[in-house]
Each structure stands twice: as structure tokens, then as C-alpha cells.
Amino acid sequence: MDYLIIGGGASGMVSAINLSKKGYKVTIIEKNNTLGKKLLRTGSGRCNYFNDDFNETKYYSEEKNEITRFINEENKNKVLEFFDFLGVVPKIKDGYYYPYSNSASSILNTFMVMLKNLGVRVILDENVIDIKKKDKFIVTTNKNVYQASKVVLATGSKAGLKEDSDIFKILESFDLKVYKMLPGLVPLIGSDNYYKEWENIRCRAVVSLYENDKFIDKETGEIQLTNYGISGICVLNLSNYISRSISKGNKVSVYINFIPYVDKSEALKYLKYRASKNEDFTVLESLESIIPYKLLYCLFKVSKINPDKKWAELTNKEQEVLAGNLCNLKFNVYDTKELSMAQVAIGGVSLEEVKDNFEVKKIPGLYITGELLDCTGKCGGYNLGLSWISGLGVE
């Protein structure tokens, strides 16, 4: 065979379709009993498969200068042309691409039909345990041995897996620069003890990231408060940086503004205004219309303020502390949730190790795609975007 693709996920299927279109004989080996399992879960089953705001700022890598080799306007257009060729009609909402059917199975079924029509051989329920390079590549699975002129590693990352994968041991044997895989797009665990007070609350907030007390980045959106810390899309986006930073021994904290775009001085003015309109209300009662009761109660506890007091009964210091925690609550990050709970993994094969067509520089004929590369996107179709680009780039 010309190409043996190891992994039947997003980048593996796209690579197989694109290569077969060009006349190559292609085989996919997949360890699961079906292709595209992870694809069906994306976008809560709706498959947010791309994003119009496709640029290098949406990605994290240890080699930041390498990102634009792959994440650029030319490759964006290639992805859009590919899906147009497939006949996938997009539904675009705020720049997010979904299939018009709103169902991930629509895209997977389209891939499956194309693979069948193009004559791609698909082998399921086989796990690759060894790869050797001689005149050709010798690929050993738990059941068989295969030979191929070229091999594409498209297995995806360790994210969401309970078990380890042999492919990472194989990568190490190739003497490639590989960054340790860490959780990405993952909830954060706090080091304080008040989180059980705010469990199961969802609210809109601005979350600002600090590393060793230096501002790094911020995200705005809905956050989810849990009994161990915080989650939500804006938190997950920041977690890509946080995970690596913690692994390097840095002190990481985030500040949460529960009244987006309002600073401490403005919050103080607002609190005084509310108190003047309802002098008989407690401070807790005055704020219930803008902050969930359960969260308010927690913030009062953190601020060490009696929620039954009226505004006029608070000292100036108490007023400032409360206003500060409403719009700048410090959350000390202890760790992230484990890799098996992550949506993606950061780390993988250094971008410096591959050419523009994703061929390994040291090993001609070996290609690495998708999440095996050290290039991790934010939420919003960016990680699938890399999968499509790398799959289309292989040749």
C-alpha cells in the first residue's frame, strides 16, 4: 500500500480521503470498533467543525513562531474548499461553523461514504504496538503485521483516555522532540476552601489570568462554579496556558469579575446607589437581582461580612472588600483536572520536527497530524481546524 494511516479520527479520515482522491492506495487502522468516535462528541454532538476567526492567536505551542506555517489564510481556504467539495452545507453562528443539520453524524456519515466510494480499506479493532522503518515501514498491531511506503500517525492525543497509548512510546523511540502531554481545555482546581458554597452555579464573568503576579490574558463568557473550582468555556481556553505554566512550577491565579466590564470603583458607586434607593434592604437583598443568591452568600462569606447587614452598617473597609470580591475575586489555581477529563492535550511532537506537509524531517515518509502535534487551539472549532489542515497537508 502507498499510505497506512494509523487512527480513524478527524485528521486520519480527511488524510485518507484527500490521498485517495489523488490516486494513492490508502488503508486506515483504527483501534476502536468504528471511525470518528470523538468527532461525534464535538460541539455537544452538533460538531462545531471550524471557525471563521481562524488565526494563530487562537493556538498555544511551545514554538509560537512555527504556528503560522500551518494556521494561515491559505490553509483556511483549503479547509472551506474541502468541505464544499464534500457537500457539507455550513450553518455559521458568530463565526462558528456547524453542519446545517446541527448533527455531528452528518459530517461523519459524509466521510464514511467518501471513504467507501474511494476504496479506502478500513481495519477496525486493531491497536498498533510497533513501527519500524526499513525499505518500507513495518507496522505491527496486536493482530497483524503490515508494510507501507508511507505512514501517517493520526491517533489523536491522550485527552479523555483512561488508558495509555502505545503510539506515544513509539514516538519516543523515533528520537523526536516531544513535549509532555498535559491537560488542555480542562477545568481548574482551586486551593481555597469555599468552593462547595458555590457548586452548580453558572454565570457570566470576565476571568483574568496571572502568572507569578503578572497579567497574561483574559477571557469573557459563561463560567461554571464547581465544588472543586471553576469551569466553562472561558476557563477552558485559559487552561491551555495554565497547564503548562503549573508544570513549570509557576504560581498561577485568576481573578473573576462577576459584573463584567465594571471595576471596583464603579461597583462601589453602584452599591451605594442601590442602598440609597432601598434603605431598608440588606446588602444581600440589594444585590440579588444581579448576582445569584448562592454565589452572593459565598462572596459574603469570603469577604467576612454579615449578609443581613444594611449598606450603611458596613465599614468603609467592608464596602471596599465586598466591591472588590464582586468584580475581582482572586482564585488561586492549585492544579487542573487530569488528562482523562480534558477535551484536548497540550504538548506532543514539536512543530519544528515537521515540514509544511507534516512529514517528519528526520524520517522521510512518516507524517504526524492533528492532536499529536504541539499545537492546541481554544474552544470553538480550532482543534478540528488543525486536524483538517494537517490531514489535507499530507503527501
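The values are calculated or read from the model by the stated rules, or taken from the named source; none is laboratory data. Keep in mind that what you see is a predicted model, and the values were worked out from it rather than measured. Every residue, glycine as well, gets a Cβ built from its backbone with ideal geometry; the counts of neighbours run over all protein chains shown.
Please find, among 162, 169, 143, the residue that is surrounded by fewer than 20 Cβ atoms within 10 Å (Cβ to Cβ), at pLDDT 90 or above and out of contact with any Phe, Trp or Tyr (no Cβ under 9 Å at 6 or more places or on another chain). Let's see the steps before the verdict.
Numbers: 162 fails: at pLDDT 90 or above; 169 fails: at pLDDT 90 or above.
Testing whether each residue is surrounded by fewer than 20 Cβ atoms within 10 Å (Cβ to Cβ), at pLDDT 90 or above and out of contact with any Phe, Trp or Tyr (no Cβ under 9 Å at 6 or more places or on another chain) leaves just 143.
When you go through (1) surrounded by fewer than 16 Cβ atoms within 10 Å (Cβ to Cβ); (2) of a type outside the set (Lys, Arg); (3) at pLDDT 90 or above; (4) in the same structural domain as residue 62 (by TED's automatic domain parsing) one by one for residue 176, which number turns out not to apply?
(1)
Checking the conditions here, which among 155, 68, 110, 57 is more than 22 Å from the chain's Cα centre (by Cα) and either farther than 22 Å from residue 184 by Cα or in the same structural domain as residue 383 (by TED's automatic domain parsing) (or both)? Break it down into steps so the answer makes sense when it comes.
Values: 155 fails: more than 22 Å from the chain's Cα centre (by Cα); 68 fails: more than 22 Å from the chain's Cα centre (by Cα); 57 fails: more than 22 Å from the chain's Cα centre (by Cα).
Selected residue: 110, the only one of 155, 68, 110, 57 that is more than 22 Å from the chain's Cα centre (by Cα) and either farther than 22 Å from residue 184 by Cα or in the same structural domain as residue 383 (by TED's automatic domain parsing) (or both).
Among (1) without any contact (Cβ under 8 Å) to a residue 24 or more places away in the chain; (2) basic (Lys, Arg); (3) in a helix (DSSP H, G or I), which single condition is residue 78 missing?
Unmet condition: (1).
Please tell me if residue 256 is crowded, with 17+ Cβ neighbours inside 10 Å, more than 22 Å from residue 198 (Cβ to Cβ) and of a type in the set (A, V, I, L, M).
Details: crowded, with 17+ Cβ neighbours inside 10 Å: yes; more than 22 Å from residue 198 (Cβ to Cβ): no; of a type in the set (A, V, I, L, M): yes.
It is false that residue 256 is crowded, with 17+ Cβ neighbours inside 10 Å, more than 22 Å from residue 198 (Cβ to Cβ) and of a type in the set (A, V, I, L, M).
Mind listing whichever residues of the stretch 221-242 are more than 17 Å from residue 345 (Cα to Cα) and β-branched (Val, Ile, Thr)?
Within the stretch 221-242, 223, 226, 230 qualify.
Just the residues that are surrounded by fewer than 16 Cβ atoms within 10 Å (Cβ to Cβ) and among the charged types (D, E, K, R), please, taken from the stretch 219-230.
222
Going by the conditions given, is residue 210 under 24 Å from the mean Cα position of the chain (by Cα) and aromatic (Phe, Trp, Tyr)?
Details: under 24 Å from the mean Cα position of the chain (by Cα): yes; aromatic (Phe, Trp, Tyr): yes.
Criteria met by residue 210.
Quick grid of which residues meet (1) under 27 Å from residue 357 (Cα atoms); (2) touching a helix residue (DSSP H, G or I) at 6+ places or on another chain (Cβ under 9 Å):
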site: 71; (1), (2): yes, yes
site: 84; (1), (2): yes, no
site: 87; (1), (2): yes, yes
site: 92; (1), (2): no, no
site: 98; (1), (2): yes, yes
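Answer yes if at least one residue in the stretch 295-309 is touching a strand residue (DSSP E or B) at 6+ places or on another chain (Cβ under 9 Å) and closer than 30 Å to residue 44 by Cα, and no otherwise.
Within the stretch 295-309, one or more residues are touching a strand residue (DSSP E or B) at 6+ places or on another chain (Cβ under 9 Å) and closer than 30 Å to residue 44 by Cα.
Limited to the stretch 33-75, what total is found for residues that are without any contact (Cβ under 8 Å) to a residue 60 or more places away in the chain and aliphatic (A, V, I, L, M)?
0
Here is a list: 89, 139. Which entry is of a type in the set (Val, Ile, Thr) and in contact (Cβ under 8 Å) with a residue 40 or more places away in the chain?
Working: 89 fails: in contact (Cβ under 8 Å) with a residue 40 or more places away in the chain.
Of the residues listed, the single one that is of a type in the set (Val, Ile, Thr) and in contact (Cβ under 8 Å) with a residue 40 or more places away in the chain is 139.
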